[in-house]
Amino acid sequence: MNVHITNIYGFIHDQDLRKKQNQFADAAHALGFKEMGIFNFDVSTDTENELSKRIDGIISSLQFNDLVFVQLPTGNGEHYDNLLINKIKAYNTKVCVLLHQTIEYEYVLNAADLIMPTNNEVYAYLKEHNYTNVFYKKNINYEFELNSTSSNILSSDFYIKKYLIDAQDQLEESVLNEQDEDIIHIGFGLHDKDGHYSVWVGTVMQSILEHTDSRICFHILHDETVSEENKRKLKQVAHQKGDSIQFHFIDTSIFDDVKDRLHRFTVGTMFRLMLPEMLPNLNKIIYLDADLLVNTDIKDLWDIDISNYFVAGVRDYGTCHHTFTPYPVREGMVDRQNYINAGVLILNLDKIRSYGNMKNQSIQYLIDNPESNLFDQDALNVIYKNSILLLDEKWNSFVLVLKSKNVKEMENRIYHYVGDLLKLYSDCQIDKEYFRTICRTPWKDYEMNHQFERCFDRMNDRVYQYQNMLQLLSNPNIKHVFYGEENKKLKTLYSRIHLKDGDYRVLEYAKNLDSDILPCKDLFVLKDEKDPIIIFVNWESDDCRAIQNLEELGFKNGKDFFVVARFFSVNDGGFM
């Protein structure tokens, strides 16, 4: 399908109209639209046959089922504009009228699939005459301020492009009844600063569609970082079996109060909080993170009854197995065994709305609890703690955990990478299937080489880690310091390194158990350590602040301290 836009040329008395159409056409060119040039002339000099041939020449590039933005008025009069629209519609096209001035062309305005007003006067006229095909993107303030004398939002090139993109999205979608129980609604948050995050969302979508016969509608909550090329590819994934995709723009300024605390997370993690607002006519949705592989029919998850709950999710593995302690658990706000991971959620949107505004409540929680560092996940666990349905672990299975248990074969599960990396050199079927799924998406040409390069880089990094460690370990006076609680990884490392008298562990605040092999000290004793030391760190220690804490003390990663997971194999809980 091609997208076209008309544009006027030649001498025209109304220079403001010409300038406006040129401005919209320039924005459309940048988006890849094809132009239909219209020459302004005295229409009365043409016979009907001549006029018809002239318009046929203008629309000669048109193909069936294309999309056309027609900028009106053309300046050539009502008869010309009616004939233009009539001929374009004959190609079974969808027509969007960009209306720059008030016109009383009944045929044109009723024949258009969508009318887009570009100023306050036109918007007021359309509203007064109750045209039902006027474009209004819900939850985005394109509604014009009728009493405003200032320039409206469409005075900038950025918002003109956005206006055109959103209209195109709406016209490309089939009519969707959001309350149709046969449609499964799935939401994603997408912030794509480096242009690569869209790949992961597309891969999850691909894996979903390959395992279900149900109709799916994907909802992409995104900001300005998502490129038009990646949007096109996401549409390509969704449309391969005739399913739907809707893009919902998020103004990230609404999260300004907490943005500076996100650190290793992006603002995209907060987008899921907007689902109840962005989809006011929807009563239920599945939310998914982008680092998932769905190897089961998503309908089975959709069919779980959550009518009596706000949220459904799976217990966070690290939390319930005492290898990680989120802030709300540490502070007694949420029971450890009831704390869920937010990577796979079913949200009862009706019930959530009845309880208040999810986004506002979550932001307020984060303001009131500045030490909370899992952000929306922490907030959701606290706000809805009395009404969360705990799901079977198969709906959110951590890949790293399965690899540590030497699970290699695929099962009917949703696999969650949770920061783990795809390893093509492993014998794990999960990784192999994930790679195959990526290679069935529109990003395959780039991703095949990219994934090979990443894998080789990690193997080279492992060699580099060992080289640097060997230099330190060869020093007979070196003291071993381990940062973290004594989990399986540290105990495995103990067995591979000859422990010495004086070796110890550290945490921000020392915790010692009778069963511990090594004593634990407060982290800051490292500042006064006089002996040469080598530090081995579990990156997830102290609520994932371990690496940051060591760097703030002046220690260098890969030189003074080494992240255990970077040189351990996956079977031992590592990254390799």
Whole-percent pair-distance distribution, where bins are 10 Å wide, for the alpha carbons of the chain: 3, 15, 22, 21, 16, 11, 7, 4, 1, 0, 0
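Using only the alpha carbons of the stretch 183-399, what is the convex hull's orientation-averaged projected area in square nanometres?
It is 11.2 nm².
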Between the stretch 432-454 and the stretch 215-292, the alpha-carbon center distance in angstrom: 22
The chain: calculated mean residue ellipticity at 222 nm from DSSP helix runs of at least 4, using -39500 (n - 2.57): -10500 deg cm²/dmol
Distance from the stretch 188-212 to the stretch 4-82 (C-alpha centre basis), Å: 38
Relative contact order of the stretch 475-572, defined on C-alpha pairs under 8 angstrom at six or more residues apart (%): 30
Efficiency of FRET between Thr45 and Glu210 - r from beta-carbon atoms, R0 41 angstrom, step 0.05: 0.10
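Over the chain, what is the mean sequence separation of C-alpha contacts under 8 Å (at least six apart), divided by residue count, expressed as relative contact order in percent?
9
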FRET efficiency, Glu393 to Met1 (Cβ-Cβ, R0 35 Å, nearest 0.05): 0.25
DSSP-defined antiparallel bridges as percent of all bridges, the chain, nearest 5: 20
Pairs of alpha carbons in the stretch 179-261 whose separation is greater than 23 Å (percent): 26
Residues Met278, Met448, Met333, sorted so that the one with the fewest Cβ neighbours within 10 Å comes first: Met448, Met333, Met278
As computed over the stretch 395-527, the Cα convex hull volume per residue (Å³): 170
Residue exposure sequence - Ser198, Ser495 - by fewest surrounding Cβ within 10 Å: Ser495, Ser198
Tail beyond 22 Å, pair distance distribution of the stretch 3-172 (Cα, percent): 40
The stretch 344-455 - percent relative contact order, Cα under 8 Å, separation 6 or more: 16
Footprinting exposure proxy for His191, His13, His29 (fewest neighbouring C-beta atoms within 10 Å first): His13, His29, His191
Fraction of beta bridges assigned by DSSP in the stretch 183-399 that are antiparallel (%, nearest 5): 35
His321-Asn386 pseudo-label distance in nm [points 7 Å out on the Cα-to-Cβ vector]: 3.3
Sites matching trypsin sites (Lys or Arg not before Pro) across the stretch 343-416 that sit in DSSP coil, with at most 10 neighbouring C-beta atoms within 10 Å: Lys405
Inter-label distance, nm, simple model (7 Å from Cα along the C-beta direction), Tyr107/Arg436: 5.7
Within straight-line cross-link reach of Lys284, lysines at Cα separation under 25 Å, skipping those fewer than 8 residues along the same chain: Lys137, Lys138, Lys231, Lys235, Lys241, Lys299, Lys351, Lys359, Lys385, Lys394
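Taken together, the values in this text are just the output of simple stated rules run on the coordinates, not laboratory data. Nothing here was measured: the structure is a model prediction, and the numbers come from that model. Don't worry about glycine lacking a Cβ; one is built from the backbone with ideal geometry, like all the others, and counts go over all protein chains shown.
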